[in-house]
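First the structure, in the form of structure tokens, and then the observations on it.
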Amino acid sequence: MSMFDNLKDKASDLVDDHGDKVGEGLDKAGDFADEKTGGKYSDQIDQGVDQAKGGLDGLDGQDDDIDGDNQ
């Protein structure tokens, strides 16, 4: 198993066990970035947060660990 496969497995396990916390963290990071840019890039930031959530949630081949709603 390569280093990247091992890292992917660990990230997948983390998201499986703590998907709600990961989603909250991504939302907070998006809100912070939106605040720092004065709301100028809100749509792009929201898209990025949603893509990050989808990518992390799909690591195990299922879309079931992170809530897709963005604040």
**Request:** Looking only at the range 1-46, count how many residues are over 23 Å from GLY61 (Cβ atoms) and polar (S, T, N, Q).
**Result:** 3
**Checking VAL22 against (1) in contact with a helix residue (DSSP H, G or I) (Cβ under 6 Å, 6 or more places away or on another chain); (2) free of Cβ contacts under 8 Å to residues at least 12 places away in the same chain, the condition it does not meet** = (2)
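Residue-wise test of (1) part of a helix (DSSP H, G or I); (2) out of contact with any Gly (no Cβ under 7 Å at 6 or more places or on another chain); (3) not aliphatic (A, V, I, L, M).
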{"position": "LEU14", "(1), (2), (3)": "yes, yes, no"}
{"position": "ALA33", "(1), (2), (3)": "yes, yes, no"}
{"position": "ILE45", "(1), (2), (3)": "yes, no, no"}
{"position": "VAL49", "(1), (2), (3)": "yes, no, no"}
{"position": "ASP67", "(1), (2), (3)": "no, no, yes"}
**Request:** Among what's in the range 2-27 and is over 19 Å from GLN47 (Cα atoms) and small (Gly, Ala, Ser), pick the residue that is surrounded by the fewest Cβ atoms within 10 Å (Cβ to Cβ).
**Result:** SER2
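Taking the range 51-65 only, how many residues are more than 8 Å from the chain's Cα centre (by Cα) and either part of a loop (DSSP other than H, G, I, E, B) or exposed (fewer than 13 other Cβ atoms within 10 Å of the Cβ) (or both)?
5
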**Request:** Could you grab me the full set of residues in the range 1-56 that are modelled with pLDDT of 95 or more and of a type in the set (Val, Ile, Thr)?
**Result:** THR37, ILE45, VAL49
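The values are calculated or read from the model by the stated rules, or taken from the named source; none is laboratory data. Bear in mind that the values here come from a model prediction, so they are computed numbers and not experimental data. With ideal geometry, Cβ positions are generated from the backbone for all residues, glycine too; neighbour counts draw on all protein chains shown.
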